[in-house]
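Below is one structure, written out as C-alpha cells; the observations come after it.
Please treat every number below as a calculation from the coordinates, not as lab data. Computed from a predicted model, the values in this text were never measured in an experiment. So basically every Cβ, Gly included, is an ideal-geometry build from the backbone, and we count neighbours across all protein chains shown.
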Amino acid sequence: MLQQHGALMVLALLVIVGSVAFDSFATAGNAASVVVSSSFLAIIAIGMTFVIISGGIDLSVGSLFVLGGVLAAYGSQYGLLVALALPLGACGVVGLLQGLVIARTGMAPFIVTLAGLLGVRGLMLAISGEGATTYLVKNPAFASLGQGELLGLTYPVYITAALALVAMVLLQRTGFGQNVYAIGGNEQAAALMGVPVARTKVTVYVMSALLAGLAGALNAARLSSGVTILGIGLELDAIAAVVIGGTLLTGGAGGITGTVAGVLLLGVIQSLINQVGNLTSAFQQVVSGAFLALVVVAQRLLSKAQRLS
Amino acid sequence: MNLRTACLALAVLLTASACAKAEEPQSAPAATSTAGQQVVQSPSGTAGPTCTLDQFGGKKFDLKTATVGFSQSEKEANPFRIAETKSIKDEAAKLGIARLKVTNAQSQFSKQITDVQQLIAQGAQLLVIAPLNSDGWEPVLQQAAAKKVPIITVDRKINAKACSDYLTFIGSDFYEQGKRAADRMIDALSGKGKVAILLGAPGNNVTTERTNGFKDRIKEKAPGITISFEQTGEFAREKGQQVTEQLIQSNPDINGIYAENDEMALGAVTALKGAGKEAGTIKIVSVDGTRSAVQGIADGWLHAVIESNPRFGPLAFETAQKFLDGQAIPDKVIISDRDYDTSNAKDSLGEAY
C-alpha cells in the first residue's frame, strides 16, 4: 500500500516546493493547465493499470490515441454520435484482436502490442494522406465535449475523474477485478482456481484500447482537429505513470489511486521545468529523469520502512 | 519472469536509443552577431491587411519588465532549432528583457499546447511561438484571446486569423523556396531526368508549400523532369538516410533529389556514400542553409541550398516593439532568403548556421 503512496508523497513535496519557489506555480491558471493536460494521459494510464496488473503490457495506446483523434475529427462531420462511435469502434476492434492473440496463442503482449503500435500508426497515416490531411472539427456539440468548462476545468477532467472512480470500483470491488489481480499474481494458479484467464485478458486489452481511443477523441474535440503527429512515445509515459504510481511491472499488485498520482506527478515535473523557463531541451530530459529516479528511491525507502515497523 | 525481464530490458533499450539520436557535436557557430541576420523582403508599403494595438484590443506594456514566453517546438538537436532558440535568447538579453521564459515541446504537440498554456498562466504578456503543427491551437488561442496576449508565430504558421487569434507570422516564403529549389534542380539536370522528393514532416505549412512550390515550378518550366518518388523523411537526418537507401534500391536511375531540409539532404549524402556513389552524380538540392550543408556544397555532394533563416530574435522583438508603440503590423512578415551554390559556398561558411 505504501508503495502507491510514494508517488503521492513526492507529488505533495514537489507541489510545496514549487509553491514556495515560484509565485506563478500555485495559481488557479497553472493548476488548471496541469490537471487539464494530464486528464488525457490519465484516461490511457487507467487502462494501462488493468493491463499491467494482469501481468501484461500495452504498447499500442499511443498509436490508438492518435487514430482515435483522427477518426473522431473525421466522424464529427456526420454528428456527435459518429464522432464517438467511429474511434471507439475501431480502437475496440484493435484491442479485441490484440487481446485474442495474446490470450489464445500465449504470445508475449510486448510483441503483439508492438505490432499494434506500428500497424495502427500506419493505418492512421493511410487515412490521413501520410499525415498531411488534418480533419477539422466543425460540429459544435462534439467540440464542446473537449472545450466546455465547469468551475474553470474542462469536461475531460470530470470524465477522467468519473472513469477513475469506476475503475477503482471495478478493480477493488468486483470479481473481474479479483481475476485481474489473480492472473497477474500467478497465471497458472489462477487458471487452476477456475479464473477465466482468457476472457479476463481479452477484456483488459479491449478496455485499454477503448480508453486510448476515447482519450484521442476527447483530445481531438479539445484541439478542434484531428492532429496527426500526436501520441509518439505516449505509451511510455502511460507505463511510467502506472509504475511510479506503485503498480508492479511484474503484475499482481497496484491500483488506480497511485496511477492518478503518477500522471499528476509527470505533469507537475513538466510544469516546474516550465516555471524555471530557461533549461535547454537536453537538460529538461535530465531533470525529468532525475525526478523519476527520486520517486523510485522514495518508494523503495517507504516499503522498507513499512517492513521494519 | 525471465521473459519479462528481457522485455523490460528491451523497452529500456528502445527508449535509450530513441533519446540518443541527437545531433553529433558541431563546431560552435562563431559568426559575429550581425552576420546572416534576417532581412524583411518588403519592409514597407505592403498591400496586405495590417494590425494595430487598438484593433487588436491590447494594452501597451514595457517589454523590458514584461514576462515574455517563447515556445520552441523541437529539441535543440539540429542546427535550425539551435540557432532559432539562441537568436531569441540573445536578442532578449541584448534588449534587457529580464523575464524571458523558454519552453521546449520536444516534438510532442500535446506538450507544446500545455507549455504555452503554462506560459500564459505565468503571466506572459507576449508569446513567441515556433509551432510544431499548424492545426490544433484552439485551446491556446482561446486563452490568449481572453487575456489579450499577442502571439507572434515564427517559422511555421498557425491556421487561424491574424490580428484576432494571433498577431502576425514571421517567416520565409516557403512556396518561393520550393520554386527556387526547382529552378536549381532544372538547371542542374538541364531540364530532363527523374527526381525524388524527401518530404518534410506532415501536418504543417512548411512541408506543403515547399512541395507545391517545387512541383508547380517543375510542371511549368521543365516538362522533361518527372517526379518519380516522394516520401517523408520527417525533417530528420536518419530518416532522410533511410528513405534514400530505399530510393536507390527502388529507383537506381534517379538523377536528382530535392530534400525539403538540410538534415534530410545530409542523410541522403550518407546513404549515397554508403551505396558507393561518387559526389555529384546525383544532384541534391535542399533548403535551410546550415553550415554542414554549405560545407556539403563545397565538398561537391550538394548542388545548391536555398536558405531559410532561423535567426528570428531581432525581427520578432522589433515587430513586437513596433506593435506596442502603436504602429500598424502586417499580417505576415516575410523574410528574404539567400541561396548557396559552388560560387559562394566557401566564402559564405561563416554566415551559415
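Data overview
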read-out: Inter-part distance where segment A:174-242 and segment B:253-303 are each reduced to a Cα centre, Å; value: 45
read-out: Dipole moment magnitude, nearest 20 debye, the protein assembly as shown about Cα centre, only Lys, Arg, Asp, Glu C-beta charged; value: 1280
read-out: Nearby lysines by direct alpha-carbon distance to A:LYS138 (threshold 19 angstrom, same-chain neighbours under 8 apart not counted); value: B:LYS161
read-out: Which of B:ARG311, B:ARG338, A:ARG173 has the fewest Cβ neighbours within 10 Å, and the rest in rising order; value: A:ARG173, B:ARG338, B:ARG311
read-out: Dipole of segment A:2-308, positive direction: furthest Cα of A:TYR135, A:LEU292, A:PRO109, with charges on the beta-carbon; value: A:PRO109
read-out: A:SER288, B:SER343 arranged by Cβ crowding within 10 Å, fewest neighbours leading; value: B:SER343, A:SER288
read-out: Cβ-based exposure ranking for B:MET185, A:MET193, in which fewest neighbours within 10 Å come first; value: A:MET193, B:MET185
read-out: Normalised contact order of chain A, rounded percent, pairs of Cα under 8 Å and 6 or more residues apart; value: 37
read-out: For segment A:102-113, Karplus couplings with θ = phi - 60° (6.51, -1.76, 1.60), whole Hz, Gly/Pro x; value: 5, 6, 8, 9, x, 5, 5, x, 4, 6, 4, 7
read-out: Of B:VAL68, B:GLN37, B:THR50, farthest towards positive along the dipole that unit charges on Lys, Arg, Asp, Glu beta carbons give the protein assembly as shown; value: B:VAL68
read-out: Between segment A:126-156 and segment B:55-105, the Cα center-to-center distance that results, in Å; value: 29
read-out: Overall form of chain A per C-alpha gyration tensor (a/c, 1.5; a/b vs b/c); value: oblate
read-out: Unsatisfied cross-links (Cα-Cα over 21 Å) in the set B:LYS215/B:LYS332; B:LYS86/B:LYS239; B:LYS75/B:LYS157; value: B:LYS215/B:LYS332; B:LYS86/B:LYS239
read-out: Cα-based shape type of the protein assembly as shown, given that a ≥ b ≥ c are square roots of the gyration tensor eigenvalues and the cut on a/c is 1.5; value: prolate
